[in-house]
Amino acid sequence: MGELRGTHVPVLLERCLEMLAPALGRPGRTVHVDATLGLAGHAEAVLSAHPDTVLIGLDRDTEALAHARVRLARFADRIHLEHAVYDELPEVLDRLGYPAIDGVLFDLGVSSLQLDAPDRGFAYAQDAPLDMRMDQTRGVTAEEVVNTYSHPDLARLLRVYGEEKFAGKIASAIIRERERNRITSSARLAELVRDAIPAPARRTGGHPAKRTFQALRIEVNRELAALETALPAALDKLTVGGRMVVLSYHSLEDRLTKQALADRVRSKGPVDLPVELPGSGPTFRLLSRGAELPGEAEVAANPRAASVRLRAAERLDPEAARQGRTDRERYRRRVKAMHQPGTGSPGSGKDPRSAPGDANGTDEEGEGT
Ligand SMILES: C[S@@+](CC[C@H](N)C(=O)[O-])C[C@H]1O[C@@H](n2cnc3c(N)ncnc32)[C@H](O)[C@@H]1O
């Protein structure tokens, strides 16, 4: 294991700790899952802040796990570090004998360890074999993707995962090149991408190959499919009062997070019933108002934080949720009733925009901690 390169600053660390504290600081032993352990910056802070918390740290990257093990050595009696993809969380918990958890953090994407490694192919700025696997023990490499995918498949992944406007041109350049020579290095790929993008467009939006490399990384690691399964599985494992925090760096990651949470914070019962039917009430409440963004000072100190979006939620007590509609639901019913013929004039009700406690049942609003 080599020396760590650069300095790794955990993103939105104070806010994550603040969000998780009410769940992890409860009396007795609590269990926290760091689903993306990385270099264990967040994990170390959680363990320091909560002396009775057991940490289960997952990472698919064995190199990250080795670094994390060294960093967390002083907590050895209350940590389990597991080589796993985060969608394997339920099996990991079963194996370790933890039926439920109190906190879970997802800090998505790549770590500075991976980005800075000269030999792993994540960075367009360094020449390396085109690998890009977070787990180098399994799976297809970026080299296999660029040399075997059809034009439509390459163009689709560049467009969707990379939000690349010139996806078709870049895919054509890749196909032309590989008919002559297999593409094996990150420098060659970065050069091909730069040459495929019209000169005026190259001058905006950072390095021209940035979006292509991001798209390949997401494809190689099947990042979105794993996340789509992992988020509901982790939510299912949380105890009442347990909390999840997700840090996303890509609009598609944030959208999956928003959808997973929206599904749980809404009532599924009929809108016109005065009480919640058993099992139909919201099971979570949002802790963040929409997606929280980093402050200017954080971005200045840690450029990696620039694109972060934080969302968080807490599991509700099912009895409390069943006792009646949330303010939001009551408010919706009142507004609906106001617009039904023969149910009073629009001027007779309170201004709907002044609804109190408008914190639940929506995927855009939450409640501070
Ligand atoms: C941004 S880093 C986490 C940094 C960490 N919070 C810290 O403070 O050091 C993301 C980590 O998640 C890991 N990772 C990404 N996708 C994963 C997945 N599907 N399953 C498990 N680990 C994953 C990566 O290997 C990387 O080490």
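Computed from the coordinates by the stated procedures, all read-outs in this text should not be read as laboratory data. Model, not experiment: these values are computed from the prediction. Using ideal geometry, Cβ is built from the backbone for each residue, glycine included, and neighbour counts are taken over all protein chains shown.
If I model a spin label as a point 7 Å beyond the Cα along the Cα-Cβ vector, how far apart are those points for residue 199 and residue 259 in nm?
Roughly 4.2 nm, to one decimal.
Would you mind getting me the FRET efficiency between residue 240 and residue 136? Use the beta-carbon distance for r and R0 = 41 Å, nearest 0.05.
Working: r = 39 Å, r/R0 = 0.96.
Computed FRET efficiency for residue 240 and residue 136 comes out at 0.55.
What are the semi-axes of the equivalent ellipsoid of the range 277-322, taken as the square roots of 5 times the eigenvalues of the Cα gyration tensor, listed largest first and rounded to whole Å? Intermediate results must be reported in sequence, preceding the final value.
On the way: eigenvalues 243, 11, 9 Å².
Square roots of five times the eigenvalues give 35, 7, 7 Å.
Within the range 250-308, which trypsin sites (Lys or Arg not before Pro) sit in a loop by DSSP and count at most 16 neighbouring Cβ atoms inside 10 Å?
Numbers: sites: 255, 258, 264, 266, 268, 285, 289, 304; in loops: 266, 268, 289.
Listed in order of number, the matching sites are 268, 289.
What does the charge count around residue 158 come to, taking other residues whose C-beta lies under 11 Å from its C-beta (Lys +1, Arg +1, Asp -1, Glu -1)? List each step's numbers first, then the result.
Working: positive: 156, 159, 165, 169, 211; negative: 153, 163, 164, 219.
Here the charged neighbours net out to +1.
Residue 289 to residue 187: FRET efficiency via 1/(1 + (r/R0)^6), r the Cβ-Cβ distance, R0 41 Å, to the nearest 0.05? All intermediate terms of the calculation are to be shown ahead of the outcome.
Values: r = 43 Å, r/R0 = 1.05.
That pair, residue 289 with residue 187, gives E of 0.40.
With the crude spin-label approximation of a point 7 Å out along Cα→Cβ, what separation in nm comes out for residue 300 versus residue 319?
Result for the modelled spin labels: 5.0 nm.
Obtain the nm distance between the two label points defined at residue 226 and residue 100 by a simple spin-label model: each point lies 7 Å from its Cα along the Cα-to-C-beta direction.
Distance between the two pseudo-spin positions: 2.8 nm.
Across the Cα atoms of the range 1-105, what radius of gyration and what greatest pairwise Cα-Cα distance (Dmax) are found, in Å?
13.1, 39
Can you give me the three principal axis dimensions of the range 99-257 from its C-alpha atoms, in Å, biggest first?
58, 33, 28
Once fully extended, how much extra length lies between residue 91 and residue 29, figured as 0.36 nm per residue of separation less the alpha-carbon to alpha-carbon distance? The partial results should precede the final answer.
Details: separation 62, 0.36 × 62 = 22.32 nm, distance 2.12 nm.
Using 0.36 nm per residue and subtracting the Cα-Cα distance, I get 20.2 nm.
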